[in-house]
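Here's the structure we're looking at; comments come further down.
The values are calculated or read from the model by the stated rules, or taken from the named source; none is laboratory data. Keep in mind that what you see is a predicted model, and the values were worked out from it rather than measured. Note: ideal-geometry Cβ built from the backbone for every residue, glycine included; neighbour counts use all protein chains shown. To get the accessible areas, we keep the full protein, side chains included, count just its heavy atoms, and leave off ligands, DNA and RNA. Shrake-Rupley method; radii C 1.70, N 1.55, O 1.52, S 1.80 Å.
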Amino acid sequence: INRRFALTAAGLLAALAIAACSKQEPAAPAAASAPPPPAAARVLVVGTDAAYTPFESQNDKGEIVGFDIDVVKAVAQKAGIEVKFVNTPWEGIFNALDQGDRDLLVSAITITDERRQTMDFSQSYFDARQLIAVKNDSPVTKFDDIKTLKVGVQNGTTGDEVVGKLLGKSSTAIKRFESTPLALKELEAGGVQAVVADNGVVVHYIANNTAGGFKTVSDANFPVEKYGIAVKKGNTELLAKINQGLEGIRADGTYAKIYASHFGAESK
Ligand code: ARG
């Protein structure tokens, strides 16, 4: 009985395979509006500045991990694209996209009108806000209080931008660092009296560096910032796939699972 079943099963599979093949045979006239099947899909290169825990960082094994990474992996799976992540310093990250060295960027990038001029963004996948980090004994209670202090930021970030507006872009009181952890180290060392950066990263850093003696100060005047995945300007095909993937992982609960695994239950 077993053998007969096996034979029948094999026969069925063969029949199915033939049916599947022959189905594709006739040049379907209806396919006129459908896009052609993706030609031997290339592995897309994702640029990320992996010094931004919990969004992107490098673990002991040298693997790039984090919330953003999990989101893009899930999006890629939904969208039927293959991706690999390459650590890319923030300072050159937008240029790398523009030059075609990276196909997409995920790096806790805030969607801004200025950046929209030179790249395209997916729909937003995360909400953030600036947050001020100061030493425990600091008198700072609001953003305006840092006006007279030395302030550390990561160069070219939205934190750099808001501090530039308050202190004046070319103020020598603004110390610009290559990465946010470097700015926070300088706060610990006393070289700056405040750091302004994305809330998720500041909160995570302080929670994991209790010896640093930091506290946070929030200010309701900081606008909500929306993170997006960036593609080269005009790459509408890839952008559509990414958006479709994002919608897919939101709809099937994958996004909520990823969110919970990094931040706990979603608050909104
Ligand atoms: N959200 C901020 C911005 O877009 C900071 C992002 C920095 N990201 C990073 N991986 N270093 O300017």
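Values for this structure:
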read-out	value
Strands (runs of 3 or more DSSP E) contained entirely in region 164-268, each with at least 1 residues that are among the acidic types (Asp, Glu) and within 16 Å of the chain's Cα centre (by Cα)	194-198, 225-227
Matching option when the condition is surrounded by fewer than 23 Cβ atoms within 10 Å (Cβ to Cβ) and under 24 Å from the mean Cα position of the chain (by Cα), among LEU131, LEU149	LEU131
Test: residue in region 50-58 that is in contact with an Asp or Glu (Cβ under 9 Å, 6 or more places away or on another chain), open to solvent by 90 Å² or more (accessible area, probe 1.4 Å) and either at pLDDT below 95 or not in a loop (DSSP other than H, G, I, E, B) (or both)	no
Qualifying residue in region 83-95 (condition: of a type outside the set (Gly, Ala, Ser), open to solvent by less than 30 Å² (accessible area, probe 1.4 Å), at negative phi and more than 11 Å from the ligand (Cβ to nearest atom))	no
Number of the condition not met by LYS215 [criteria: (1) away from the ligand (no atom under 16 Å from the Cβ); (2) without any contact (Cβ under 8 Å) to a residue 60 or more places away in the chain; (3) closer than 30 Å to THR141 by Cβ; (4) open to solvent by 40 Å² or more (accessible area, probe 1.4 Å)]	(2)
Matching residues, region 99-153, being part of a strand (DSSP E or B), under 30 Å from ASN243 (Cα atoms) and away from the ligand (no atom under 13 Å from the Cβ)	LEU104, ASP120
